[in-house]
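Chemist: Attaching a single structure in structure tokens format; questions to follow.
The values are calculated or read from the model by the stated rules, or taken from the named source; none is laboratory data. This structure is a prediction, so every number in the text was calculated from the model and none was measured. So basically every Cβ, Gly included, is an ideal-geometry build from the backbone, and we count neighbours across all protein chains shown.
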Amino acid sequence: MDLDYTDDQKAFRAEARRWLEANVPSEPLLSFDTAEGAKQHREWEARLNAGGWAMVPWPVEYGGRGADLLEWLIFEEEYYRAGAPKRINQNGIFLLGPTIMEYGTPEQKARFLPKMASSEEVWAQGWSEPNAGSDMANIQTTALREGDHYVVNGQKTWASRGAYADWLFGMFRTDPDSERHKGLTFILAPLDLPGITVRPIEQLDGLPGFAEVFFDDVRVPVEHRLGEEGQGWTVAMATAGFERGLMLRSPARFQHTAMRLVELARANEESALPAIRDEVTRCWIAAEAYALETHRTVSRILAGGKIGAEASLNKIFWSELDLRMHELALEILGDRGELLPEAPSAVGVGSWLDGYLFALSGPIYAGTNEIQRNIISERILGMPR
Amino acid sequence: MDFRFDDDQELLQSTVRDFLQGEVTPEVIRASWETDTARSPELWKRLAEIGLPGLLLPEAHGGMGMSEEEMVLLLEEVGRAALAEPVIGTAAVAVPLLCDLGGSLADTWLPRIAAGECVVAVGHPVSPFVEDAHVADLLLLPAADGSLHAVPAAEAEVVAEPANDPSRRISKVRFDAGASTRVASGEEAAELLARTLDRGALACAAALIGVCDRTIELAAEYTRERKQFGKPIGSFQAVKHMLANVKVKLEYARPVVQRAAHSVAHGVALRSVHVSMAKLGAGEAATHGAKTALQAHGAIGYTWEQDLHLWMRRAWSLDRAWGRSSFHLGRVREALFEGDLAIGPGTTFAGA
């Protein structure tokens, strides 16, 4: 067991820190779920990409810098430490990108990854349908082969970033006679194709963070299929693994929130009662535990191991921790926790309310925590289906 | 940075696991409860043959020359087997304390410990009781003035305190503290006691990981076999989800324990904070695991006959030993709110 960083890793951290300190916008950007905010975030991503920092673990030819996963964790630590903007293209860079790396053809990698890294193309997720939420194998939107195209008909919903994205990825039923997990295919579709209608949905914060996407005889070229026809479920599970695990939610995010929570409790001594301080302490410990477990997992992956069903443990842990931290922050703020940013008295309340509303979605997206508990009990504990 | 155990360490762990699985069955533990001491000198001797008591002792003194990193792996197995022998007190706590003290005391006792010929019990102000004092040949005990004393068994008055975990035998110990027994005082004694507390708490945390792992296994096995409403109760989501929750707690306690072992082994400045994080997490996982496993078993789990309580009692007693949960939570809270602990992204390994 070696828990020291190498000189190279230290130098990498220093380089990332220098660049971020010089380049991170001094004022927070508007939410990427607004038109103006989306534009600001794309500009930030372009700058990040120009600096070579958009997706450090990717190979250089795809816009990365060929870093390993430990350097990825270091970069994430520096990114959150610098208070840098949220990643508008997280569906692309954290979820679809690694999946293309695994299942894409050389042409697909060259076509999609660089523009993903630069956020010239922002991606939306197209998993859920009105009748396929937790029961994702119940997907009914069809993509029927006609020559060099798939003709897509049906509806996706809760498509994250759908309102301002350029492309959508998802699973479609290519064999109309198939059932459940079979006959599904992973397809990438530009959202400006004829026959696609995007209808944004306002989320709990009033902003269009996701959308309904309707497909009416939409012709998608066959070369936009990822993996083989009928292999969709397997490809999608790889994406879901990245989503539940260390790509989408690296520990730095929660360590940063835990730090802000401790600072909030320190700054509000009269309302951060001993019982609350105990809970804050537990949260800080949990964020550290998440960091430690992630470093253990990354060490295992670097030695040739794989992440399996244990990604479900991660997902429950970080989503519940995130929610708990925001609940505690609002408890410390009391009545002030209700204030919107524009309220005259909203001084020192930070972004906890906004963060709380977002944290509430954590136990739902990327597979509800109930689905994760099923996976843990069946695939790790060996309990019967 | 490589947060893994190496092949040799994992081989050692599986060797000890196999040994304990074969030798320390629930029947063996139950039989030990029926004896006066709940201890088996024969078993202790056999554990010495595989190197357990002298694990932390340098090879020059007849030990294995290993560190707390290996120790936590083996203590996990001790917990998994619900082994009652004094591995924590003697192997994980007394041996490094005697090494710290050095001199003729160490020269006399360390080789005997490594050979499995004696038990050394260690007291600490964090508890009014001393574990294994009833079978100890030597006791290392704090006095009211903060000094540390080496007391031969013949000079200690040991009064057994029957307790809920028949495997963990605790006693009140009285002795006459004097110049002849004193081995350290003042700041030196305080530092030794601080290290001792960290070692004891770390050892309990590691054993609790094994205890928790085993209780989840037992509960999952039971829910596969027990049928109600015509199907295994493990197919019901209410049952699945409660066990999954314990598994989450366990898997996020384990790396904290392993990191604490690394910190103790390398004398990292934040060692005590890391140990308290470990003890708190492992204790909560194991006690939560105990009551959840009981619930999964239903009435049969509530019987003396079912083996589950061997591990439940271990979970409770180890959770309280070497500082209860609130004590360890308090140590971390003080570091966060009254100390100058560096926090935030990038600080996790800064102390290494």
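Chemist: Kindly check whether there is at least one residue in segment B:56-76 that is closer than 23 Å to B:Leu141 by Cα and in contact with a Gly (Cβ under 8 Å, 6 or more places away or on another chain).
Modeler: Yes: one or more hits.
Chemist: Sticking with this structure for a sec: Just checking, how many residues over segment B:194-206 are of a type outside the set (D, E, K, R) and either surrounded by fewer than 21 Cβ atoms within 10 Å (Cβ to Cβ) or within 9 Å of chain A (Cβ to nearest Cβ) (or both)?
Modeler: Of the residues in segment B:194-206, 1 are of a type outside the set (D, E, K, R) and either surrounded by fewer than 21 Cβ atoms within 10 Å (Cβ to Cβ) or within 9 Å of chain A (Cβ to nearest Cβ) (or both).
Chemist: Something else: Of the residues that sit in segment B:1-27 and are surrounded by fewer than 17 Cβ atoms within 10 Å (Cβ to Cβ) and either closer than 28 Å to B:Ala163 by Cα or in contact with a His (Cβ under 9 Å, 6 or more places away or on another chain) (or both), which one is nearest to the other protein chains (Cβ to nearest Cβ)?
Modeler: B:Gln21
Chemist: Working carefully through the options A:Asp322, A:Asp278, find the one that is more than 30 Å from A:Ser134 (Cβ to Cβ) and either in the same structural domain as A:Gln203 (by TED's automatic domain parsing) or modelled with pLDDT of 95 or more (or both).
Modeler: Exactly one of A:Asp322, A:Asp278 is more than 30 Å from A:Ser134 (Cβ to Cβ) and either in the same structural domain as A:Gln203 (by TED's automatic domain parsing) or modelled with pLDDT of 95 or more (or both), namely A:Asp278.
Chemist: Considering only segment A:230-241, state which residues are modelled with pLDDT of 85 or more and part of a helix (DSSP H, G or I).
Modeler: A:Gly232, A:Trp233, A:Thr234, A:Val235, A:Ala236, A:Met237 - these are the residues of segment A:230-241 that are modelled with pLDDT of 85 or more and part of a helix (DSSP H, G or I).
Chemist: Here are some conditions: (1) more than 13 Å from chain B (Cβ to nearest Cβ); (2) acidic (Asp, Glu); (3) over 23 Å from A:Pro274 (Cβ atoms); (4) assigned to a helix (DSSP H, G or I). A:Glu342 meets all but one. Which one does it not meet?
Modeler: (4)
Chemist: Also, I was wondering about something else. Can you name the helices (runs of 4 or more DSSP H) wholly within segment B:228-322 that have at least 2 residues being more than 14 Å from chain A (Cβ to nearest Cβ)?
Modeler: So the answer is B:271-297, B:308-320.
Chemist: Another question, then. Can you name every residue in segment B:107-128 that is without any contact (Cβ under 8 Å) to a residue 60 or more places away in the chain, surrounded by fewer than 18 Cβ atoms within 10 Å (Cβ to Cβ) and under 22 Å from B:Leu202 (Cβ atoms)?
Modeler: If the condition is that a residue be without any contact (Cβ under 8 Å) to a residue 60 or more places away in the chain, surrounded by fewer than 18 Cβ atoms within 10 Å (Cβ to Cβ) and under 22 Å from B:Leu202 (Cβ atoms), then B:Pro128 is the only one that fits.
Chemist: Is it the case, given these coordinates, that B:Ala154 is more than 19 Å from B:Pro96 (Cβ to Cβ) and assigned to a helix (DSSP H, G or I)?
Modeler: Taking the combined requirement at face value, the residue satisfies it.
Chemist: Touching a residue at least 40 places away in the same chain (Cβ under 8 Å), among the hydrophobic types (A, V, I, L, M, F, W, C) and at the interface with chain A (Cβ under 9 Å from one of its Cβ atoms): does that describe B:Ile209?
Modeler: no
Chemist: Further question on the same structure: Mind listing just one residue for me: the one in segment A:265-289 that is within 10 Å of chain B (Cβ to nearest Cβ) and more than 28 Å from the chain's Cα centre (by Cα) and, of those, nearest to B:Arg259 (Cα to Cα)?
Modeler: Checking each candidate, the answer is A:Asp278.
Chemist: Based on this model, can you work out whether A:Gly227 counts as at pLDDT 95 or above, at negative phi, among the small types (Gly, Ala, Ser) and in contact with a Ser or Thr (Cβ under 8 Å, 6 or more places away or on another chain)?
Modeler: So A:Gly227 fails the test.
Chemist: Also, I was wondering about something else. Which of the residues that make up segment B:221-257 are surrounded by 16 or more Cβ atoms within 10 Å (Cβ to Cβ), without any contact (Cβ under 8 Å) to a residue 24 or more places away in the chain and within 29 Å of B:Ala278 (Cα to Cα)?
Modeler: Correct list: B:Lys240, B:His241, B:Ala244, B:Val248, B:Glu251.
Chemist: Tell me which strands (runs of 3 or more DSSP E) are completely within segment A:108-183 and hold 3 or more residues being within 18 Å of A:Arg219 (Cα to Cα), or say none if there are none.
Modeler: Hits in segment A:108-183: A:142-146, A:149-160, A:167-173.
Chemist: Scan segment B:167-186 and tell me whether some residue there is in a helix (DSSP H, G or I) and more than 24 Å from B:Glu69 (Cα to Cα).
Modeler: Yes.
Chemist: Only one residue in A:Leu20, A:Leu69 is at pLDDT below 95 and within 14 Å of chain B (Cβ to nearest Cβ). Which one?
Modeler: The conditions single out A:Leu69.
Chemist: Could you list, in sequence order, all residues of segment B:323-342 that are within 12 Å of another protein chain (Cβ to nearest Cβ) and crowded, with 19+ Cβ neighbours inside 10 Å?
Modeler: B:His328, B:Leu329, B:Arg331, B:Val332, B:Arg333, B:Ala335, B:Leu336
Chemist: So, in segment A:345-375, how many residues would count as being under 25 Å from A:Gly126 (Cα atoms) and either in contact (Cβ under 8 Å) with a residue 40 or more places away in the chain or away from chain B (no Cβ under 14 Å) (or both)?
Modeler: Qualifying residue count for the region: 21.
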